[in-house]
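Student: Here's a structure for you.
The values are calculated or read from the model by the stated rules, or taken from the named source; none is laboratory data. Only a predicted model underlies this, so the values are computations on that prediction, with no experimental measurement involved. All Cβ positions, even for glycine, are placed from backbone atoms using ideal geometry, and neighbour counts span all protein chains on display.
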Amino acid sequence: TQLLEQSPQFLSIQEGENLTVYCNSSSVFSSLQWYRQEPGEGPVLLVTVVTGGEVKKLKRLTFQFGDARKDSSLHITAAQPGDTGLYLCAGARSGNTPLVFGKGTRLSVIA
Amino acid sequence: DAGITQSPRHKVTETGTPVTLRCHQTENHRYMYWYRQDPGHGLRLIHYSYGVKDTDKGEVSDGYSVSRSKTEDFLLTLESATSSQTSVYFCAISRGQASTDTQYFGPGTRLTVL
């Protein structure tokens, strides 16, 4: 059973379109992190959300943590080819246990 | 740049041979991790370490062992490699004092077991 479910698994869109990817769980997390991974490289942190209902913006990317701290979303406005990559969410559970990663959403933005 | 290097970056080996992958960090962080990444499975934790000689299993630890004799090095060993262990292996560190802190990843090692 996957603790963190990401959807969609794959997404291919045209440059300039908007998109939202989701990270859902039945478990509560103390925080949620989003990473982006480009081909041939390791994941790189984009943002951490900590408080239920929190919204963080990173240029054209908007991240939201659900009120109950069980889910999160990433919205990209006016996608660009440079946004292409694998987007991973990772949840921190209570207790000192390692992060739990979702399987990721693979985004392709076509010029 | 979190100062993480992995070696080798690419390796091709045969079934049944032992393989050791090395992760080296330059900043003396407490937590280090080994993951494997496969299509359709995402990142899966193999083992992690919370200090010298302190390690614990992740969700896919069978067939793998680890050692950490120095803070800066975390070794992953496949005692007898199998084709199912063909994967991309990532090492990561946490800069904080909790295993839930942000992770910083190395560049990965692509391992092919024939």
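Student: May I ask you to say which residue of A:Thr97, A:Thr51 is farther than 19 Å from B:Arg44 by Cβ and either modelled with pLDDT under 95 or surrounded by 14 or more Cβ atoms within 10 Å (Cβ to Cβ) (or both)?
Tutor: A:Thr51
Student: Inside region B:17-40, can you point out the residues that are part of a loop (DSSP other than H, G, I, E, B), touching a strand residue (DSSP E or B) at 6+ places or on another chain (Cβ under 9 Å) and not β-branched (Val, Ile, Thr)?
Tutor: B:Pro18, B:Glu27, B:His29, B:Arg30
Student: Sticking with this structure for a sec: Taking region A:27-48 as the region of interest, how many residues are hydrophobic (A, V, I, L, M, F, W, C), within 11 Å of the chain's Cα centre (by Cα) and within 9 Å of chain B (Cβ to nearest Cβ)?
Tutor: So the answer is 1.
Student: Could you please let me know if B:Pro18 is within 14 Å of chain A (Cβ to nearest Cβ) and surrounded by fewer than 17 Cβ atoms within 10 Å (Cβ to Cβ)?
Tutor: No.
Student: Are there any strands (runs of 3 or more DSSP E) wholly within region A:11-57 with 2 or more residues that are within 15 Å of A:Gly91 (Cβ to Cβ) and touching a residue at least 24 places away in the same chain (Cβ under 8 Å), and if so which?
Tutor: Qualifying strands (runs of 3 or more DSSP E): A:19-24, A:31-37.
Student: Next question, about the same structure. Quick check on A:Arg69: is it touching a strand residue (DSSP E or B) at 6+ places or on another chain (Cβ under 9 Å), of a type outside the set (Asp, Glu) and on the phi > 0 side of the Ramachandran plot?
Tutor: In short, yes.
Okay, residues lined up against (1) buried (at least 20 other Cβ atoms within 10 Å of the Cβ); (2) over 23 Å from B:Tyr48 (Cα atoms); (3) not hydroxyl-bearing (Ser, Thr, Tyr):
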{"position": "A:Ile13", "(1), (2), (3)": "no, yes, yes"}
{"position": "A:Ser30", "(1), (2), (3)": "no, no, no"}
{"position": "A:Pro39", "(1), (2), (3)": "no, yes, yes"}
{"position": "A:Leu46", "(1), (2), (3)": "no, no, yes"}
{"position": "A:Lys56", "(1), (2), (3)": "no, yes, yes"}
{"position": "A:Arg69", "(1), (2), (3)": "yes, yes, yes"}
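Student: Testing A:Gln64 on (1) within 14 Å of another protein chain (Cβ to nearest Cβ); (2) without any contact (Cβ under 8 Å) to a residue 60 or more places away in the chain; (3) assigned to a strand (DSSP E or B); (4) farther than 16 Å from B:Arg44 by Cα, one condition comes back false. Which one is that?
Tutor: (1)
Student: Could you grab me the full set of residues in region B:41-59 that are assigned to a strand (DSSP E or B), of a type outside the set (Lys, Arg) and out of contact with any Phe, Trp or Tyr (no Cβ under 8 Å at 6 or more places or on another chain)?
Tutor: Passing the criteria: B:Gly51, B:Asp54.
Student: Out of all the residues in region B:100-109, is one or more of a type in the set (Asp, Glu), within 26 Å of A:Glu38 (Cα to Cα), in contact with a Ser or Thr (Cβ under 9 Å, 6 or more places away or on another chain) and not in a strand (DSSP E or B)?
Tutor: yes
Student: Determine if region B:64-72 includes at least one residue that is within 13 Å of chain A (Cβ to nearest Cβ) and either in contact (Cβ under 8 Å) with a residue 24 or more places away in the chain or out of contact with any His (no Cβ under 9 Å at 6 or more places or on another chain) (or both).
Tutor: no
Student: Of everything in region A:72-94, what is away from chain B (no Cβ under 14 Å), crowded, with 20+ Cβ neighbours inside 10 Å and in contact with a Cys (Cβ under 9 Å, 6 or more places away or on another chain)? Give them in sequence order.
Tutor: A:Ser72, A:Leu74
Student: With the structure loaded, tell me whether B:Ser83 is more than 11 Å from the chain's Cα centre (by Cα), polar (S, T, N, Q), more than 16 Å from A:Pro43 (Cα to Cα) and modelled with pLDDT of 95 or more or whether it fails that test.
Tutor: Yes, satisfied.
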